[in-house]
């Protein structure tokens, strides 16, 4: 059904609802119109379209340096979905930006929350700070040791806030709180993703990243079958 027909149908339905009581038309239509907008967004668009939870991106193949008749300006860096990438695909600036933002939120927690118990500080850290350290990290994971340590210092600083852990080592604090280091957590996520690919659980992505090598028995059987043919 075209978008206009859907809209007319919904307006009529909303009028019938709002006429019978105090319900406003906007409260009935707002979520439904949003879904219609998202569903019909592809119509009439010749470019590639990618839909995210809170964003939409259009893309197309372009010649180097120009888009149609328009010449494109060069840029040393570009922000895409909150991730800062420079022209060398270096993630130093992204790591520094993330660490600065996370440290700022951690300072607000230290200055505004009187309690230092783990029951208070740990949920605040996991909810407000760590998501910044892990947002899209599969793409911008630090490549250099200095960037790894920069991010790790944020979590190290957060764990010192918890009462009773001030004088323990970083590894001991992590064990006490049941957490991994950020570096180990990234490695664990990569291994889980690799396992899922190898098991074929990511076939919906339609990209064959890995191919399982045949065993010796499978190779012998394949050669025997070829000879028979």
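Observations
- Which listed residue, of 155, 204, is modelled with pLDDT under 65 and under 20 Å from the mean Cα position of the chain (by Cα): 204
- Checking residue 198 against (1) assigned to a helix (DSSP H, G or I); (2) at pLDDT 90 or above, the condition it does not meet: (2)
- Residues in segment 157-174 that are part of a helix (DSSP H, G or I) and either in contact (Cβ under 8 Å) with a residue 12 or more places away in the chain or surrounded by 12 or more Cβ atoms within 10 Å (Cβ to Cβ) (or both): 157, 158, 159, 160, 161, 170, 172, 173, 174.
- Helices (runs of 4 or more DSSP H) contained in segment 80-149 and holding at least 1 residues more than 23 Å from residue 188 (Cβ to Cβ) and more than 18 Å from the chain's Cα centre (by Cα): 92-112, 118-124
The values are calculated or read from the model by the stated rules, or taken from the named source; none is laboratory data. As the structure is a prediction and not an experimental result, all values here were calculated from the model. With ideal geometry, Cβ positions are generated from the backbone for all residues, glycine too; neighbour counts draw on all protein chains shown.
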